[in-house]
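Here's the structure, in structure tokens; my notes come after.
Taken together, the values in this text are just the output of simple stated rules run on the coordinates, not laboratory data. Owing to the predicted nature of the structure, the values given are computational and were not obtained by experimental measurement. Here the Cβ positions follow ideal geometry from the backbone for every residue, glycine too, while neighbour counts run over all protein chains shown.
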Amino acid sequence: MTAADNTMARKVALITGAASGIGAASARRLAAAGASLVLTDINYSAVTALADELSKAGTQAAALQHDVTQPVDWENAVALAADTYGGLDIVVNNAGIAGDNTDLMNLDLEQWHSVLSVNLDGVFLGLRYAGPALEKRGGGSIINISSILGKVGFPGAAPYCASKGAVTLLTKSAALEWAPLNIRVNSVHPGFVETPLVTQALEDREDGAETAELLVAAHPLGRLGQASEIANAVAFLASDESSFMTGSELVIDGGYTAQ
Ligand SMILES: NC(=O)c1ccc[n+]([C@@H]2O[C@H](COP(=O)([O-])OP(=O)(O)OC[C@H]3O[C@@H](n4cnc5c(N)ncnc54)[C@H](O)[C@@H]3O)[C@@H](O)[C@H]2O)c1
């Protein structure tokens with residue numbers, strides 16, 4: 001797939017958490033493929049700046065303040081796609097947070113819920129509110145950003161791992177329910193990727209520098225991933241090139257989980 005392939009002309013895509021990291025890279029990649037975009041984030045100024053930049057470069061891109069934990073925000077996001085572009089074909093449920101680095105013995109319920117609400121409730125609401133819009137179009141593609149930490153555990157990240165593991169099976173359930181509607185639903189499982197989510201989590205740790213080295217060593221390819229490498233997989237799953245894929249787990253992890 002080339003960087004500007006026009007495979008998604010006439011498609012409308014909604015990307016959550018689009019202001020930064022993997023969401024922003026996915027926005028750029030789908031723009032290159034010709035999609036019209038609804039870019040949403042809790043960080044309105046940053047997501048608006050990206051939409052403006054892409055609009056100036058010829059993409060149809062609208063920005064919206066959107067907290068994925070809020071049903072009313074989802075109603076607004078789906079309505080924006082319908083009102084602006086006539087409907088919705090692709091949803092990238094990308095918004096997510098890492099949570100604190102806290103071991104289970106000290107984790108409180110509030111910390112647990114804060115991660116689960118964004119990473120899991122947010123994806124559920126995305127399915128619940130966007131699913132009917134895709135059904136109206138006669139089908140579509142939903143890409144849920146899980147993680148390798150939805151497949152294997154990680155010390156100090158129990159809520160994150162639990163949320164991402166749940167997204168993996170939520171994805172498969174939706175895929176089975178919606179296969180008859182021609183709505184494909186797949187999950188993406190990145191290894192550690194150089195984005196603000198990871199750099200901030202490392203900065204918050206006393207042993208951040210040491211952990212960064214261990215993380216690089218844990219990826220057999222000897223480096224962390226780049227957001228654009230995940231965005232390429234998002235674009236593949238969004239496009240008809242993946243037309244026989246649903247309920248799949250697409251792992252992009254430099255070999256982390258091959259060991
Ligand atoms: N970076 C990695 O190593 C990595 C690895 C595997 C999976 N992921 C997943 O990829 C996704 C994107 O992560 P990233 O690394 O690009 O992070 P990031 O921090 O760079 O970007 C996340 C974006 O989500 C937004 N956001 C946070 N809470 C929100 C909410 N309640 N509603 C709407 N938007 C919200 C933030 O404002 C931010 O713009 C997340 O789901 C993350 O768990 C990341």
- Message: Per DSSP helix of 4 or more residues, -39500 (n - 2.57); summed, then divided by the residues of the chain. What does that give at 222 nm, rounded to the nearest 500?
- Response: -14000 deg cm²/dmol
- So what is the relative contact order for the chain, in percent, with contacts set as C-alpha pairs under 8 Å and at least six apart? 19 percent
- What does the convex hull of the Cα atoms come to per residue for the range 131-259, in Å³? 114 Å³
- Message: Give me log10 I(q)/I(0) at q = 0.14, 0.15, 0.23 Å⁻¹ for the range 180-230, Debye formula, one equal scatterer per alpha-carbon, no solvent.
- Response: -0.45, -0.50, -0.89
- Would you calculate the separation in nanometres between label points at Arg205 and Gln226, each defined as 7 Å from the Cα along the Cα-to-beta-carbon direction? 2.4 nm
- Item | Simple spin-label estimate for Lys136 and Leu181 in nanometres, 7 Å along Cα-Cβ | 1.2 nm
- Message: Using Cα-Cα distances under 8 Å and only pairs 6 or more residues apart, what relative contact order does the range 53-160 have, in percent?
- Response: 37 percent
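Quick check: net charge around Ile183, other residues with Cβ under 14 Å of its Cβ, Lys/Arg +1 and Asp/Glu -1?
+2
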- Could you check the simple spin-label distance between Ser55 and Asp103, using points 7 Å along Cα→Cβ, in nm with one decimal? 5.1 nm
- Task: Would you count, across the chain, every pair of lysines whose alpha carbons are under 29 angstrom apart, provided the pair is eight or more residues apart or spans two chains?
- Result: 9
- Message: If packing is taken as the average number of other Cβ atoms within 10 Å across a peptide's residues, how do 43-53, 115-125 rank, most packed first?
- Response: 115-125, 43-53
- Task: Take each of the peptides 239-246, 174-181, average the number of other beta-carbon atoms within 10 Å over its residues, and list them starting from the highest.
- Result: 174-181, 239-246
- Message: Please give the Cα centre distance for the range 184-259 versus the range 64-114, rounded to the nearest Å.
- Response: 19 Å
- If R0 = 35 Å, then Ser173 and Ser45, at their Cβ-Cβ distance, give a FRET efficiency to the nearest 0.05 of 0.45
- Message: For q values of 0.11, 0.14, 0.20 Å⁻¹, compute log₁₀ I(q)/I(0) with the Debye formula on a Cα-only model of the range 69-211, without solvent.
- Response: -0.45, -0.70, -1.17
